[in-house]
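Nothing in this text is a laboratory measurement; each read-out follows from the coordinates by a stated rule. Worth saying up front: this structure is predicted, and the values here are computed from it rather than measured. Virtual Cβ from ideal backbone geometry, glycine too; neighbours counted across all protein chains shown.
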Amino acid sequence: MSAARSKQEDARDGIPSQRQYKVGEIIKKALVETLERVEIRDPALSGASITISQVEIGPDLKLARVFIMPLGGHNQEKVLEGLERATTFLRKNVAERVALKYTPRLIFKVDNAFDSSQHIDRLFKSPNYRINQQSISGKLRDK
């Protein structure tokens, strides 16, 4: 078996290629510019400040999962519905800004990474964690 792995093997592993990362960042930039500069007429999006945390591109570059979080985490479902209604408009604007053979289909999802990191942070700061950590480190010292 050769030392070099084929693109198909990497795609099967679920590991994004450098090209997927690069295209994701380019699409993220185009979406941010569109949301900043172009007024979207959807009432759910008017005045909403949206953070795009990540864009994941499929191996064939035809699907983009856009992870978003409204400012302060308020009205997540409402903003998500507004973005889904504006998907065609946003895709058209991305196509104008980015030179790709195919403009990927956009799927918007709420990014829960912020909530997860806050939850983990609270767990580390909890008194139960400190007690367990002290008892574990005490047992290690005794040995």
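Figures for the structure shown
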| item | result |
| --- | --- |
| Contact order relative to length of the range 7-111, as percent, for alpha carbon pairs under 8 angstrom and 6 or more apart | 30 percent |
| Residue-count net charge about VAL94 - beta-carbon cut-off 12 Å; Lys, Arg +1, Asp, Glu -1 | +4 |
| Difference of contour (0.36 nm per residue) and Cα-Cα distance, ASP60 to ARG37 | 5.4 nm |
| Full-stretch length increase - ALA95, LYS78 - with 0.36 nm per residue and alpha-carbon distance subtracted | 3.6 nm |
| Percent of C-alpha pairs per 10 Å bin, the range 7-111, short to long | 15, 49, 27, 8, 1 |
| Stokes-Einstein D (µm²/s) once Rh is taken as the Kirkwood radius of the range 28-82 over alpha-carbon pairs, at 10 °C in 1.306 mPa s | 132 µm²/s |
| Listed residues ILE27, SER46, PRO70: farthest to the positive end of the dipole of the range 15-72 (Cβ charges) | ILE27 |
| Positive minus negative residues near ILE68 (Lys, Arg vs Asp, Glu; Cβ under 9 Å) | 0 |
| Cα-projected label distance for ALA113 with SER49, points at 7 Å along beta-carbon direction, nm | 2.0 nm |
